[in-house]
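Novice: Below is one structure. I have some questions about it.
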């Protein structure tokens with residue numbers, strides 16, 4: 001397995017891998033199956049270089065021009081290919097680690113795939129850590145309540161909650177586990193304030209907890225009847 005690189009402030013040209021309804025948060029990992037010829041070539045080129053790829057979501061309406069160059073969001077994920085498997089027919093199975101959030105400055109519409117000039121966007125660290133600590137306390141409490149409500153299904157969420165104590169990393173990992181809608185995920189990816197991200201995740205967790213409680217009450221009422 002390859003070592004995660006030291007992230008630079010910017011990159012002049014990185015391959016762009018656009019995906020529909022997809023967001024990858026910093027300090028999280030994903031597996032990708034690469035089958036399209038243009039993205040097989042992208043993968044081969046990335047593996048021959050720094051093994052870095054920008055994963056970015058396609059904007060709504062991408063279906064009309066998927067095989068062309070449909071618009072992508074302005075903020076994506078800087079990812080390192082940490083492990084790969086090349087299949088006999090040329091497809092790839094990739095294991096990727098997101099090492100940072102990037103803003104796309106310029107996209108070069110080359111063939112068969114696009115490249116981009118990007119700048120790394122670090123998390124904004126509030127000077128008053130007291131407010132961050134309070135926001136994280138509320139978030140952790142809400143997530144623990146959600147885990148209890150979920151029962152066995154809360155195992156994954158529980159493992160995320162205990163994976164780190166660092167607010168920036170934890171909020172990113174919880175965002176990956178809690179947010180379900182693509183628009184929610186993209187908005188959270190673009191949220192650089194750790195405190196703001198924690199507050200938004202607390203709201204999402206509360207909504208899920210309320211929804212789960214209402215479903216339990218509805219099921220109980222049906223059983224009584």
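Each reported figure results from applying straightforward, stated rules to the coordinates on display, with no laboratory input. Everything quoted here is computed from the prediction, not taken from an experiment. Neighbour counts are summed over all protein chains in view; Cβ atoms, including those assigned to glycine, are modelled from backbone coordinates with ideal geometry.
Novice: More than 23 Å apart: what percent of Cα pairs in region 49-174 qualify?
Specialist: Distances greater than 23 Å cover 54 percent of the Cα pairs.
Novice: Report the relative contact order of the chain, percent, no decimals, based on alpha-carbon pairs under 8 angstrom and at least 6 residues apart.
Specialist: Relative contact order here is 22 percent.
Novice: Taking only Cα atoms and a 10 Å spring cutoff, compute GNM fluctuations for the chain and point out the largest among 76, 206, 57.
Specialist: 206
Novice: Given only helices, namely DSSP H runs of n ≥ 4 each adding -39500 (n - 2.57), what is the per-residue ellipticity at 222 nm of the chain, to the nearest 500 deg cm²/dmol? Write down the numbers at each step before the final one.
Specialist: Working: 6 runs with 92 residues, N = 225.
Calculated at 222 nm, the ellipticity per residue is -13500 deg cm²/dmol.
Novice: Sort 78-90, 179-191 by the packing proxy (mean of other Cβ within 10 Å over each peptide's residues), most packed first.
Specialist: Put in order of decreasing packing, that is 179-191, 78-90.
Novice: What angle do you read, to the nearest 10 degrees and between 0 and 90, between the alpha-carbon axis of helix 37-48 and the longest principal axis of the chain?
Specialist: For 37-48 against the chain, the angle is about 90 degrees.
Novice: How far is helix 167-178 tilted, in degrees, relative to the longest principal axis of the Cα atoms in the chain, given as a value from 0 to 90 rounded to the nearest 10?
Specialist: Tilt of helix 167-178: around 80 degrees.
Novice: Using label points projected 7 Å from each Cα along Cα→Cβ, tell me how many nm separate residue 207 and residue 8, to one decimal.
Specialist: In this crude label model, residue 207 to residue 8 measures out at 3.9 nm.
Novice: Taking the structure as given and computing semi-axes √(5λ) of the Cα gyration tensor in Å, which label from (1) 34, 21, 17; (2) 29, 21, 17; (3) 27, 18, 17 fits?
Specialist: (1)
Novice: Also: Pairs of alpha-carbon atoms within less than 8 angstrom and 6+ residues apart define the contacts here; what relative contact order does region 129-224 have, in percent?
Specialist: Over region 129-224, the number comes to 37 percent.
Novice: Another question about this same structure. Tilt of helix 194-224 relative to the longest C-alpha principal axis of the chain, in degrees (0 to 90, nearest 10)?
Specialist: The helix 194-224 is inclined about 60 degrees to the chain.
Novice: R0 = 35 Å: FRET efficiency of residue 156 with residue 183, Cβ-based, nearest 0.05?
Specialist: 0.95
Novice: Calculate the spin-label point distance for residue 21 paired with residue 196, positioning each point 7 Å from the Cα along the beta-carbon direction, and give it in nanometres.
Specialist: Spacing of the two 7 Å Cα→Cβ label points: 2.7 nm.
Novice: Connecting C-alpha atoms closer than 10 Å in a GNM of the chain, tell me which of 95, 35, 25 has the biggest fluctuation.
Specialist: Result: 35 has the largest fluctuation of those listed.
Novice: While we're on this one: Please pull out the direction-averaged projected area of region 10-120, using the convex hull of its alpha-carbon atoms, in nm² to one decimal place.
Specialist: With the hull built on Cα positions only, its mean projection is 6.3 nm².
Novice: A further question on this structure: Below 8 Å between Cα atoms, with a sequence gap of 6+, how large is the relative contact order for region 10-120 in percent?
Specialist: 37 percent
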